[in-house]
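The values are calculated or read from the model by the stated rules, or taken from the named source; none is laboratory data. In this text the structure is predicted, and so the values were computed from the model without any measurement. Virtual Cβ from ideal backbone geometry, glycine too; neighbours counted across all protein chains shown. Areas reflect the complete protein model, heavy atoms only, side chains present, ligands, DNA and RNA absent. Shrake-Rupley method; radii C 1.70, N 1.55, O 1.52, S 1.80 Å.
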Amino acid sequence: MNDSITISIVTHNSRHIFDVLDNLKNELGFKSKYDIHIFDNASEQSYLNKLERYGSFITLHACKENKGFGYGHNQVLQEVETSYGVIFNPDVLITKDTLDKMMQRIKKEEQLAAVCPKVLNSDGTTQYLVRQKLDVFDYMLRFIPFQSVKKLFNKRLSYYECRDLPEDKTSYIKMGSGCLMVVDVDKFKQIGGFDERFFMYFEDNDLCMSFGKAGYKILYTPFETVIHLYEKGAHKNKKLFKIFLQSMVKFFNKWGWRFF
């Protein structure tokens, strides 16, 4: 194991990646303990050409076939010899200070497999992405466009989205968001990394469930924040919604069905 830390980013014509890399360049510079790996899933050649302009600031892995989010991260994190890694979406902005503090947290507790930050929208409002349980009703309720229906179930949604997590202390959680997650690489390898049957969606929930099954803990910290340029693709795109439903079925088939 070496002292560097692997940042793993999976892309597929991801439109925010260049803002993300420019932000990382400003925050980290060219000489830091963080090694940035971009695993690209069959993006257009012009997109790859633009990535290549970042030169030695990144290590670019170009795959000719899009095999999904989890596959890409596995190809990076299963091969590196670093102790810690950062699962990093191509639409997340973060500071070096936040990365450093999250690294300090995961190093403090032997049983920690992952640390998840508070996730914000670009306007500073909170994205409630932590989960302590999953069921079909609550998942589908979030897709209903009628605010009157959501208002009717507001208390239930609030519990589902863990809106009551304390702001003045860290918490152990069951599932955190894969948009940004610091992980212990040995523990990640021990559980087999991401289940590649999930092309996208639910793969982070599944990873967290696997950590828990292996006896490890996941820590949520409200003191470290990131900005997630979240576009809710499955809410807008029929093809992505179909993939979402397929992944949901795979998840509940694997972990047990819970409808309400």
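Stokes-Einstein, applied to the Kirkwood radius of the chain over Cα pairs at a viscosity of 1.002 mPa s and 20 °C, places its translational diffusion at 114 µm² s⁻¹.
If you wrap segment 58-169 in the convex hull of its Cα atoms and look at it from every side, the mean projected area works out to 10.4 nm².
Of the accessible area of segment 66-109, computed with a 1.4 Å probe over protein heavy atoms only, carbon and sulfur atoms account for 39 percent.
Solvent-accessible area per residue in segment 152-220 equals 45 Å², computed with a 1.4 angstrom probe and all protein chains kept. Estimated at 0.36 nm per residue, the fully extended path between residue 125 and residue 27 surpasses their Cα-Cα distance by 33.0 nm. In the structure shown, the pairs 31/239; 50/174; 67/254; 189/250 are assessed against 29 Å; a Cα-Cα span above that value is assigned to 31/239; 50/174.
Each principal axis of segment 112-152 carries a Cα extent, and these read 38, 28, 13 Å when sorted largest first. Along segment 41-46 the Karplus relation, 6.51 cos²θ - 1.76 cosθ + 1.60 evaluated at θ = phi - 60°, assigns HN-Hα couplings of 9, 6, 6, 5, 4, 4 Hz to successive residues, with x for each Gly and Pro. Between residue 48 and residue 254, the C-beta separation translates, for a Förster distance of 25 Å, into a calculated FRET efficiency of about 0.15.
Measuring nothing but protein heavy atoms, the accessible surface of segment 128-185 at 1.4 Å probe radius is 57 percent carbon and sulfur.
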